[in-house]
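Here is the structure we will look at, set down as structure tokens.
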Amino acid sequence: MSEQLKFVQLEMMVVALGLIVLIADLVMPPSKRRLIGHLSAVALGLIFLFSLRDSYVGLINESTDLFFNSRYKIDGLAIFFKRFFILAAIFVLIFAVDFADRIRSGISEYYAFIIFALAGMMFAASANDFSMLFVSIELITVTFYILVSYQRHRLQSLEAGVKYLILGAVSSAFMIYGIALVFGEAGSLKFEDINAKQSELLGSKVFLFGMLFLFAGLAFKISAFPFQVWAPDVYQGAPTPTTAFLSLGSKAAGFVLLIRLLVFTIPDLTREWTVLLIGISAVTILYGNLCALPQRNLKRLLAYSGIANAGYLLMGIVAQSEDGTAAILYYLAGYLFALMTVFLIINLITKEGEGEDISCLENLNKRSPFLAAAMTLAAISLAGIPPLAGFFGKFLLIKSVAVEAFGNTGYFVLLAVAVFGVVISIYYYFGIVRAIFWNHKADDKTPIFVVVPIRFALICCFAGMLYLGLLPNKPMKWVESAAVSLIKTTAE
Amino acid sequence: MIEPTLSHYLLVSGALFSIGLLGVIVRRNLLIIYMSLELMLNSANVALVAMSRFNGNLDGQVMVFFIITVAAAEVAVGLALIVALYRKRQTTEVEDLASMKL
């Protein structure tokens, strides 16, 4: 038993780190608290290196049947997402240290909650059972209620927190009601049992109804179409590091569970629901892109672009193939670097209390050429223009759907919508670039000072975007091997 | 006297879920909305326990413990948030939550 704890070693390290941060807060003098954030980022970096070790990756081949009764799975997909989450959390922690002055109360707990949310995401990456799915999703959501409303002195932050709380709780109520119905029909909470029985379960209305409720709960997490209403307000009101973590970590956690459920556990149901998924994906892309057009607030704009991106990512699930899953992973990796850059820069150029209006980007090329270049690259990557990471991700997603398209007109509609969405998105992303280089109404020419850790994070994101865009061969092999191991388990 | 069957329990749980959802949609006070949400969570508990009983599989009842625990954590966070909002705005009506519009 105890020797099998090695399956959860990464998660145990992360949870222990969170607890250590809480205790360190009591011991350290307030002037040294900044150090806690940097140290925990370094510790997460070590955990990331640990996840690269052969002895950890080798766990893929060992069975968890005895230990967690196959409720917990380590495969290529899980390990890929665990690394993705750790990387995102490192960036968010570096970000949060810079943001500390605006938090005003209990900064160390802020770090601790980021780390606990990370633990939830890592468990979600391995969830292979409905109880595991529910508890890990709730661990993420409940910590995010706190993270979103952390700036208690700002009304907007509290308001965003309450909106997220109410809508999040409705979605989790739907999710567990769905789980109850699925359990009643399948007689088991394990994904493997449901996988084995899927053909007979498909005939049951109760099971389909339960899956629909469950899908609603997960669609809320990724902000897909009918469940996207919370995103703009919450993204705008939350402290910027939380917004960054919400749009990367929380969304990716929703996607890893969707992949595991829809692509791996019940592919038959996904095939039956193709039209529904195509509809949701297409409407999400259109809604996000069209609503982003008139936005002036940068965080709100990114919320709508995040909704559109959820639509693009859903295309990979619609494709229901190894390629589709690999494309989702690739897209998410590119999205991580681009989005992180944008949020870091938004935080640098806005002062507390001022709106994150797009006009605050004016003169950026004079104030800091480095930031202007980074922001431009990130916008280009998000818009999906070659040769950056975003282009390659979108290309792979569209390709994965196009390969399946023959013989199904629905797929062609989705492809047309996706391409149309990309064209619209170029307009508003270039609004950002235009504000940087060609709008010079403001005379603010004060140079912006960038502290070393933030500079380091920006350079990492910069390198990541270029690497994933220019040299896609090696990362393609990584994501394909992550997706292949997934399909192999399906065949079992 | 009628022996209660699975469908009776499911009817009750479905009714509870619908009442809760209706409350969330119709009521305008955050605390009442929050109560309705708890009702929705508990309706799932009723369904899980009943199905567990009639399936002869205890997994569902164990799941209920998880749900109760998570719901307790959620209530603790949620009520704290609503109190913090009340201190700031002196109101718990949802109409007053409109400081962020386009």
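The values are calculated or read from the model by the stated rules, or taken from the named source; none is laboratory data. All of these numbers come straight from a predicted model, not from anything done at the bench. With ideal geometry, Cβ positions are generated from the backbone for all residues, glycine too; neighbour counts draw on all protein chains shown. Note: accessible area is taken over every heavy atom of the protein model, side chains too, but ligands, DNA and RNA are not part of it. Shrake-Rupley method; radii C 1.70, N 1.55, O 1.52, S 1.80 Å.
In the stretch A:210-329, counting only helices (runs of 4 or more DSSP H) that sit wholly within it, the ones holding 2 or more residues that are under 22 Å from A:T143 (Cβ atoms) span A:230-237, A:240-245, A:251-258, A:298-319. Being outside any helix (DSSP H, G or I), more than 22 Å from A:H38 (Cβ to Cβ) and not hydrophobic (A, V, I, L, M, F, W, C) is a property that A:S70 has. The residue pairs whose first member lies in the stretch A:179-204 and is more than 16 Å from B:N55 (Cβ to Cβ), whose second member is at pLDDT 90 or above and surrounded by fewer than 22 Cβ atoms within 10 Å (Cβ to Cβ), and whose beta carbons are closer than 9 Å, counting only pairs six or more residues apart or on different chains, are A:L202/A:L208.
Taken residue by residue, the stretch A:182-192 has at least one member that is over 30 Å from B:D96 (Cβ atoms), hydroxyl-bearing (S, T, Y) and facing chain B (nearest Cβ under 8 Å).
Here's the yes/no breakdown for (1) modelled with pLDDT of 90 or more; (2) β-branched (V, I, T); (3) within 13 Å of the chain's Cα centre (by Cα):
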{"residue": "A:F183", "(1), (2), (3)": "yes, no, no"}
{"residue": "A:L189", "(1), (2), (3)": "no, no, no"}
{"residue": "A:N195", "(1), (2), (3)": "no, no, no"}
{"residue": "A:L214", "(1), (2), (3)": "yes, no, no"}
{"residue": "A:I259", "(1), (2), (3)": "yes, yes, no"}
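The listed residues are B:L48, B:L97, B:L10, and the only one of them that is surrounded by 13 or more Cβ atoms within 10 Å (Cβ to Cβ), within 19 Å of A:S171 (Cβ to Cβ) and at pLDDT 90 or above turns out to be B:L48. Residues in the stretch B:19-30 that are open to solvent by 70 Å² or more (accessible area, probe 1.4 Å) and not aliphatic (A, V, I, L, M): B:R27, B:R28.
From the list A:V256, A:V275, A:V283, A:V263, exactly one residue is among the β-branched types (V, I, T), surrounded by 24 or more Cβ atoms within 10 Å (Cβ to Cβ) and more than 24 Å from A:F113 (Cα to Cα). Which is it?
A:V263
Summed over the stretch A:351-384, the residues that are assigned to a helix (DSSP H, G or I), among the polar types (S, T, N, Q) and open to solvent by less than 10 Å² (accessible area, probe 1.4 Å) give a count of 1. Looking only at the stretch B:14-30, which residues are touching a residue at least 40 places away in the same chain (Cβ under 8 Å) and within 11 Å of chain A (Cβ to nearest Cβ)? If the condition is that a residue be touching a residue at least 40 places away in the same chain (Cβ under 8 Å) and within 11 Å of chain A (Cβ to nearest Cβ), then B:L30 is the only one that fits.
Which one is surrounded by the fewest Cβ atoms within 10 Å (Cβ to Cβ) among residues in the stretch A:73-95 that are among the basic types (K, R) and assigned to a helix (DSSP H, G or I)?
A:R83
Looking at (1) within 14 Å of A:A173 (Cα to Cα); (2) acidic (D, E); (3) at the interface with chain A (Cβ under 7 Å from one of its Cβ atoms), find the lone condition where B:D59 falls short. Checking B:D59 against (1) within 14 Å of A:A173 (Cα to Cα); (2) acidic (D, E); (3) at the interface with chain A (Cβ under 7 Å from one of its Cβ atoms), the one that fails is (1).
Taking the stretch B:63-82 as the range and being more than 7 Å from chain A (Cβ to nearest Cβ) and open to solvent by less than 70 Å² (accessible area, probe 1.4 Å) as the test, the residues that pass are B:V64, B:A71, B:A72, B:V75, B:A76, B:A80.
Would you pick out the residues in the stretch A:140-167 that are of a type outside the set (S, T, N, Q), open to solvent by 10 Å² or more (accessible area, probe 1.4 Å) and at the interface with chain B (Cβ under 8 Å from one of its Cβ atoms)? Within the stretch A:140-167, A:V142, A:I146, A:R152, A:L155, A:K163, A:I166 meet the criteria.
When A:A402, A:A333, A:A303, A:A338 are checked against the criterion of being out of contact with any Pro (no Cβ under 8 Å at 6 or more places or on another chain) and either β-branched (V, I, T) or touching a residue at least 24 places away in the same chain (Cβ under 8 Å) (or both), a single residue qualifies: A:A338. Need the failing condition index for A:S136 against (1) in contact with a Lys or Arg (Cβ under 8 Å, 6 or more places away or on another chain); (2) closer than 30 Å to B:S52 by Cα, just the number. Just one mismatch for A:S136, condition (1). Within the stretch A:308-350, the set of residues being polar (S, T, N, Q) and crowded, with 24+ Cβ neighbours inside 10 Å comprises A:N309, A:T325, A:T341. Candidates A:I114, A:I176: the one that is open to solvent by less than 10 Å² (accessible area, probe 1.4 Å), under 24 Å from A:W273 (Cα atoms), β-branched (V, I, T) and in contact (Cβ under 8 Å) with a residue 40 or more places away in the chain is A:I176. Just checking, how many residues over the stretch B:83-94 are surrounded by 14 or more Cβ atoms within 10 Å (Cβ to Cβ) and under 25 Å from the mean Cα position of the chain (by Cα)? Total meeting the criteria: 5. Among the residues of the stretch B:90-101, those that are touching a helix residue (DSSP H, G or I) at 6+ places or on another chain (Cβ under 8 Å) and either on the phi > 0 side of the Ramachandran plot or within 7 Å of chain A (Cβ to nearest Cβ) (or both) comprise B:L97, B:S99, B:M100.
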